[in-house]
Amino acid sequence: MKAAVLSGIEKLEITEVERPACNSGEVLLKLEACAICKTDTKMFHSGHRDLKLPRILGHELAGTIIEVGKGNHKFDVGDRVQVAPGLPCGGCPFCISGVPNMCDNMSIIGFHHDGGFAEYMLVPANGVQNGCINKIPFSLSFEAASLAEPLACCINAQELSQIKLGDTVVIIGAGPLGHLHRQLAHISGASEVIVIENSPERIAFAKKIDVNYLIDPTEVDPVEAVKEITDGADVVIPACSDPEVLAQGIEMLKKRGRIVFFSGLPHGYENIPIDHNLIHYKELQIFGAYGCTSEQNRKALKILAAREIAVEELITHHISLDELIKGFELVDTHKAMEVVVTPF
């Protein structure tokens, strides 16, 4: 089968590899769509703490089941499915307590197991057993379903921050995840959603769609601009990996406001200055949000199938597997929003 194999830093080859055998309890998919995540480009350029090489990347995926391993009675050949890439063990304290994205023994498709930038992909038995395969509603395209995983990550962050009716929400970053957060916040009842972005390409895109408030921090002080629109934000979600925006986000919050550390920071920039007294006197709450659960992926599919989020407008480019590096460049340079690899 054809696959994109990463063997080292910026060493990616489109090559022929053996199609995986489908053993007991496993499921084999024919890939129909796999979206490029910014994390994919990060792994291509600089690796990742969880990445085991060589590896077929790709974790935002959808496909058709073509083979079901012995003893598996949950799925049938021909089922249209999306896969939550985090494969929990199901037995550690975090899995048992209902937060499997914090699993002590987590393995991840596209990191520890071969992913979706290939013609076929195997879902390991523990992923099948622990509910990581989700059937796609017939009204939903494979391309749209491939974005269920990033939407599920947004759901996780917004469930933690408890966005409620009437809240003012600030999203820092107008990339694909920023726009998913923006739309999801409206669904959750936010009265005002403010988007902050400094990339000219992304500002131009945001102006084409329904963004209530758009702030360019290269032109105005973003903290002051937010306070001019409102008396302070109830919730701030930084959807970018710029260390400076975290301190700014805390300053934007009203008393008892909440901020979610949604994006990881680059290696070497993990330590950031934060005003402790601001957090203390205003009783601010800080949440970390990492990944998502299989249940949140199912919620995402339902939201997408109900057309509550306009995900199609975010898919700006379709490419073939042979064009994967070109797709990485489109994402890195902000010349694209969502890039989906299809057909295979």
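Just so it is clear, none of the values below were taken in a lab; they were calculated from the coordinates. It should be emphasised that the depicted structure is a prediction, and the values quoted were computed from it without experimental measurement. Cβ placement follows ideal geometry from the backbone for every residue including glycine, while neighbour counts extend to all protein chains displayed.
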Rank the residues MET102, MET252 as a footprinting-exposure proxy: fewest other Cβ atoms within 10 Å of their Cβ go first. MET102, MET252
If you place +1 on the Cβ of every Lys and Arg and -1 on the Cβ of every Asp and Glu, how big does the dipole about the Cα centre of the range 152-288 come out, in debye to the nearest 20? 420 debye
Can you tell which of CYS92, CYS37, CYS132 shows the greatest fluctuation in a Gaussian network model of the chain with Cα springs below 10 Å? CYS92
Per DSSP helix of 4 or more residues, -39500 (n - 2.57); summed, then divided by the residues of the chain. What does that give at 222 nm, rounded to the nearest 500? -8000 deg cm²/dmol
Starting from the Kirkwood radius over alpha-carbon pairs of the range 152-288, derive D by Stokes-Einstein at 37 °C in a medium of 0.692 mPa s and give it in µm² s⁻¹. 223 µm²/s
Taking Cα pairs closer than 8 Å and at least 6 residues apart, the relative contact order of the range 152-288 in percent is 23 percent
Quick one: if you take sqrt(5λ) for each eigenvalue of the C-alpha gyration tensor of the chain, what semi-axes come out, biggest first, whole angstrom? 34, 21, 19
Give me the net charge of LEU304's neighbourhood, meaning all other residues with Cβ under 12 Å from the Cβ of LEU304; Lys, Arg count +1, Asp, Glu -1. 0
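Under 1.5 on a/c is rounded, so check that first for the range 26-80, then, if it is not, pick prolate when a/b is larger than b/c and oblate when it is not; a ≥ b ≥ c are the square roots of the alpha carbon gyration tensor eigenvalues. Intermediate results must be reported in sequence, preceding the final value.
Working: a/c = 3.77, a/b = 2.12, b/c = 1.77.
The shape class here is prolate.
How far, in nm, would the chain grow between LEU53 and ARG307 when pulled straight, counting 0.36 nm per residue and subtracting the alpha carbon separation? Don't skip to the answer; put the middle values down first.
On the way: separation 254, 0.36 × 254 = 91.44 nm, distance 3.79 nm.
Gain on extension, LEU53 to ARG307, equals 87.6 nm.
Give me the extension gain from ILE286 to GLN129: residue separation times 0.36 nm, minus the current Cα-Cα distance, reported in nm with one decimal. Present the calculation step by step, with values, prior to reporting the outcome.
Working: separation 157, 0.36 × 157 = 56.52 nm, distance 3.37 nm.
Result: 53.2 nm gained on full extension.
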Can you flag which of LYS164/LYS299; LYS2/LYS42; LYS38/LYS326; LYS11/LYS52; LYS30/LYS135; LYS30/LYS74 are past 20 Å Cα-Cα? LYS2/LYS42
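Where nothing but the Cβ of Lys and Arg (+1) and of Asp and Glu (-1) is charged, how large is the charge dipole of the chain around its Cα centre, in debye to the nearest 20?
840 debye
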LYS254 paired with THR218, simple spin-label distance in nm, labels 7 Å along Cα-to-beta-carbon: 3.2 nm
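So how much slack lies between ILE9 and ILE279, counting 0.36 nm per residue of separation and subtracting their Cα-Cα distance, in nm?
93.2 nm
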Pairwise label distance in nanometres, GLU201 with SER139, each label 7 Å out on the Cα-Cβ vector: 3.4 nm
Can you work out the FRET efficiency for the pair ASP104 and LYS208, with r the C-beta to C-beta distance and R0 = 56 Å, to the nearest 0.05? 0.80
